[in-house]
Amino acid sequence: MGFTVTTTGAVAELVMDHPPVNALTVAGWFELADLVTAIGRNQEVGALVLRAEGRGFNAGVDIKEMQQTEGFDALVGANRGCYAAFKAVYECEVPVIAAVHGYCLGGGIGLVGNSDVIVAAEGTRFGLPEVNQGALGAATHLARLVPQHAMREMVYTAKDIDASVLHGWGSVSRVVPLDDLRDTAFGIAEVICSKSRYVIRRAKESLNGIDPIDVNRSYRYEQGFTFELNLSGVSDEARDAFVEKRDPGYSR
C-alpha cells in the first residue's frame, strides 16, 4: 500500500496503490508530489509513466480523513497537498504519461490534466464530483481535457464521461484493453526516451512556457472558493452525507 517507483532503462514508473479506491490522504498527496519531483530531477530518466493498481486510477482526496479531523487542518492540508501534486506533475522535468483505468475522479483529473500524454483503458470514466461534496477545484485541469461547455456541464452536474469521448476530442491519446494499458504507456515513453534527454527537457519547459493559462494560479483561485464553501457549512454537510451514505440535507 502506498507508492512504488521503479526504473526500466530511462523510463521511470510511479504506481499508486491506496486501497480501496486510491483516494489519497493529505500525507499521500505531498508524498506523491515529492516523488514526481525527484524523478524529474534524475538526469538518467527520460520519461515518467504514472499509473495505479486496484479498481481505478484515482478517486481524489480521502473524505473520511477530512471528516475525522477537527477544524480545518485536513481541508487546508488537502488543498495544499493537491496543489503540490498537480504542480509537480505539470513541472516535472520530463514528460509524464498517465496510464488511466477504471475511473479518474476529482484529484485524479488534476493529475491527468497536468500530464503530457494520456492513455486509458477501455471503459475508464472521467469526472469531477466536487459539487456533490460541497467543493470546487480541478476545473482548470478538466478544461485541458474537454471543451469549455462540456467542462461546465460536467462541473454543474457532477456527471462523468467515458474515455472514448475524450479520445474523440484528442485529449486521450489511445484507448486500449486494460491488459495492454501499461505496455502502451511504456511504448510512448520509450519513443520519447529515444530522443536527446536534454532536448526533451527543454521541450517540456518551453511547452509549459507557452501555455495560455497559468494552471497553478488558476487552480489556486478555484481553491479559494472551496474554502469559502467550507466556512458556509455547506461542505461539512455534504461530506457527512457522503461518509454516512445518505442524501445531504442542504439549508441553502
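The values are calculated or read from the model by the stated rules, or taken from the named source; none is laboratory data. These figures come from a predicted structure and were not determined experimentally. So basically every Cβ, Gly included, is an ideal-geometry build from the backbone, and we count neighbours across all protein chains shown.
General remarks:
- The residues of region 140-151 that are buried (at least 19 other Cβ atoms within 10 Å of the Cβ) and assigned to a helix (DSSP H, G or I), listed by number, are Thr140, His141, Leu142.
- Within region 208-247, the residues that satisfy the criterion of being touching a residue at least 24 places away in the same chain (Cβ under 8 Å) and over 24 Å from Gly77 (Cα atoms) are Asn208, Ile213.
- Some residue of region 39-47 being surrounded by fewer than 20 Cβ atoms within 10 Å (Cβ to Cβ), among the polar types (S, T, N, Q) and free of Cβ contacts under 8 Å to residues at least 12 places away in the same chain: no
- Test: Ser164 is within 17 Å of the chain's Cα centre (by Cα) and without any contact (Cβ under 8 Å) to a residue 60 or more places away in the chain: no
- Applying the set (1) closer than 27 Å to Ile161 by Cα; (2) surrounded by fewer than 22 Cβ atoms within 10 Å (Cβ to Cβ) to Phe86 leaves exactly one unmet item: (2).
- Entirely in region 1-102, the helices (runs of 4 or more DSSP H) that have 3 or more residues that are over 23 Å from Ala138 (Cα atoms) and modelled with pLDDT of 95 or more: 26-41
Quick grid of which residues meet (1) of a type in the set (Val, Ile, Thr); (2) free of Cβ contacts under 8 Å to residues at least 40 places away in the same chain:
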residue	(1), (2)
Val96	yes, no
Cys104	no, no
Ala121	no, no
Val146	yes, yes
Asp183	no, yes
Tyr198	no, yes
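- The residue list Ala120, Ala135 contains one member that is crowded, with 23+ Cβ neighbours inside 10 Å, modelled with pLDDT of 95 or more and either touching a helix residue (DSSP H, G or I) at 6+ places or on another chain (Cβ under 7 Å) or aromatic (Phe, Trp, Tyr) (or both), which is Ala120.
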